[in-house]
């Protein structure tokens, strides 16, 4: 009967919902640097970029998903911003001074105006950050601003943020999508008249575009900000962001040249995209790793031998080949090899070895059963591969697919024993970590910034990132994925690939791969 | 018009509506998680969650919540959304999305009837000829095709291979012009209508064939009435009643089909919205949309029943 495939449709529509904050922010930066259609193409130069998001989550004032980050970065700016290649560039502030390790003194640009022509001053910055900090506003960015103890307006163009305790990645955090969007104190987003779900053409930022229309569930339309301070942007007359959550429709509309840029295509579509005439593309390993986290304080994984058995039963290469069609990379340690924290000297890891896994199972008392909580495909596919291997050694693993929120809630509420297969951890749960994000330090170093609830893991992480000599770093790195009776962190599975494609008519589009070998310089001045 | 028949039919819709809405309301509470988790995500403390539960009255018994909800509905208050555009009145979202879906379903219905009826008629008139076989093969194929797949196929065919840019542009609102608006609904409506064209064609064929075997047709021929007159005046009118039932039911089914089509074509109608609402567990919005869908189903069924009498005045209640 007609309509019998509802379930499949629903499942398909949700496959791309990833919270890739960093990727989202940098993709937004990439779009800003994208040029226009050829002059002879159409009278009005329209750049059309699909938003891969749920209409329910889309909120340019928030940063809950990649689509919202991209949509918001068209309108708003932060104190500093990222370039498409992941370096810090001026935003509202042109420079930062560090009088001491707790204080960040932001020097604001002299003549920055919002789209109405109102000058943005230090008081506006203060109001913007205080709005995010205010619990009543329910800002999803609130937690990231809790470290700011004091905000001092020094003069019209100077503001100091004083932290409670030293936190190296703070500057990067403020430049990332998690940082406060800076707007004039009398605009809606800051004044607290509405909550954060209130984007409309009334919302005015200092970004390159202003929202012309938000056709709910359909598309966002932007026009250039006439007062934008950066002379290079924007180079289009109109920017349209249709929401195309269905992957097949997105592919059809890109193939028919209705949309200009294809972000995060499905793995199965990539060969076809690569063969298209007039399409440029880049593929790289991204900054996101799939990993396995154990619930170590509950059975069955309160026994380290069972943890080790699962580690040895994980066939990373098969996940790379089957789930990602080769567009991923086996991960053996916490940092990717493109980062300074990767250590090539660390060669030992839990190799795929079912015999060893079986021995650990036997030592721990024999067969056991547990649940694997996973987000939808592709993570669920990885979980199924693990499930198959575990079955061979007499361990029953039940793959439970959950929404991100539901999974975290259940984990936090300690309702579910087992392990989780995730791409990014999130806040406030009882896993051994708390926040885990990718960062690029001002000097161009690449790192992870992390805040751990678990003292033990926090200490290991600190040792790892701050290790003064190579041996200490290797030692710390080895502890990071060590699964023993004493330690209970997580172990690494694969780094996911990132692919982007765009039509040649789009000038100067710069795909963003942070900290990757394929990172490239482009011709866009900044 | 038999007024007792009309009155009884209208009165019957009330218990149907009550039962349907109660089950819709009740089933929401069987879903894992619940609305509070959807709003607070992982950041909500137990105190915050309790506060929100109390704020939305979710801490009261379900029957009490249902009665309150229905009371509010009858007063025109459908509540506000929890997740999608938080705090927006559900009626406001319905006001923008429902007309789009109705328009899409109506267009699809129009296409289904305009093609399905003649196709079925031709098939019946030329029974067991190549015309009939072709029509039947087409009908079986049409019924078998998933709407979702048809949508994608039509996008690729018209937009990519035939290079018709209008087909790829996605939904265009009426404010951007009537022509682009209708063009943007063309492919979705055709994709949505294909299974119903097939359904109506099949029903028309079998109904007409049955009707053509009736005694009045034999008598008519014996009386020298022309074949043309027999078919269009008598056979069609008699055979149309079951077809009319299918058409009436199809409108409700078409609304169901819009869920998938609206996702494929990115049309912000109620099908799209209910998917979003279901994913985000926006209970007030799900309930509001379900209520509207139930109302449309019940209303179209009622209208179909009432129109029977117009088509065939002999139809009455059994006990009359």
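The values are calculated or read from the model by the stated rules, or taken from the named source; none is laboratory data. Keep in mind it's a predicted model, so treat the numbers as computed, not measured. Positions of Cβ are generated from backbone atoms using ideal geometry, with glycine treated the same way; all protein chains shown enter the neighbour counts.
Some notes on this structure:
- Every condition in (1) in contact (Cβ under 8 Å) with a residue 40 or more places away in the chain; (2) over 18 Å from the mean Cα position of the chain (by Cα); (3) surrounded by 14 or more Cβ atoms within 10 Å (Cβ to Cβ); (4) closer than 30 Å to residue B:228 by Cβ is met by residue B:131 except one, and the failing one is (1).
- Residue check, residue B:120 crowded, with 17+ Cβ neighbours inside 10 Å, out of contact with any strand residue (DSSP E or B) (no Cβ under 8 Å at 6 or more places or on another chain), away from chain A (no Cβ under 14 Å) and modelled with pLDDT of 85 or more: yes
- Residue A:271 passes every criterion in (1) in a helix (DSSP H, G or I); (2) surrounded by fewer than 21 Cβ atoms within 10 Å (Cβ to Cβ); (3) facing another protein chain (nearest Cβ under 10 Å) apart from (3).
- Residue match in the range A:89-97 (condition: assigned to a loop (DSSP other than H, G, I, E, B), modelled with pLDDT under 95 and over 25 Å from the mean Cα position of the chain (by Cα)): no
- So residue A:116, is it closer than 23 Å to residue A:225 by Cα, modelled with pLDDT under 85 and outside any helix (DSSP H, G or I): no
- Single residue of the range A:145-184 satisfying the filter (without any contact (Cβ under 8 Å) to a residue 40 or more places away in the chain and within 14 Å of another protein chain (Cβ to nearest Cβ)) that is nearest to residue A:106 (Cα to Cα): A:145
- Identity of the residue in the range A:230-248, over 24 Å from the mean Cα position of the chain (by Cα) and either within 7 Å of chain B (Cβ to nearest Cβ) or assigned to a loop (DSSP other than H, G, I, E, B) (or both), that ends up modelled with the lowest pLDDT: A:232
- Any hit, the range B:149-157, residues being without any contact (Cβ under 8 Å) to a residue 12 or more places away in the chain, away from chain A (no Cβ under 14 Å) and surrounded by fewer than 20 Cβ atoms within 10 Å (Cβ to Cβ): no
- Condition check for residue A:276: over 30 Å from residue A:367 (Cβ atoms), within 14 Å of another protein chain (Cβ to nearest Cβ) and buried (at least 21 other Cβ atoms within 10 Å of the Cβ): no
- Residue among B:252, B:239 that alone is in a helix (DSSP H, G or I), over 14 Å from residue B:312 (Cβ atoms), more than 8 Å from every other protein chain (Cβ to nearest Cβ) and modelled with pLDDT under 85: B:252
- Being more than 10 Å from every other protein chain (Cβ to nearest Cβ), within 30 Å of residue A:213 (Cα to Cα) and without any contact (Cβ under 8 Å) to a residue 40 or more places away in the chain holds for only one residue in B:178, B:185, and it is B:178.
- Residue selected from the range A:219-229 under the condition within 14 Å of another protein chain (Cβ to nearest Cβ) and crowded, with 21+ Cβ neighbours inside 10 Å, by the criterion nearest to residue B:267 (Cα to Cα): A:219
- Looking across the range B:255-285, the residues that are more than 8 Å from every other protein chain (Cβ to nearest Cβ), at pLDDT 85 or above and closer than 21 Å to residue B:148 by Cβ come down to B:258, B:261, B:262, B:269, B:270, B:271, B:274.
- Being buried (at least 16 other Cβ atoms within 10 Å of the Cβ), touching a helix residue (DSSP H, G or I) at 6+ places or on another chain (Cβ under 8 Å) and under 29 Å from residue B:207 (Cβ atoms) is a description that does not apply to residue B:97.
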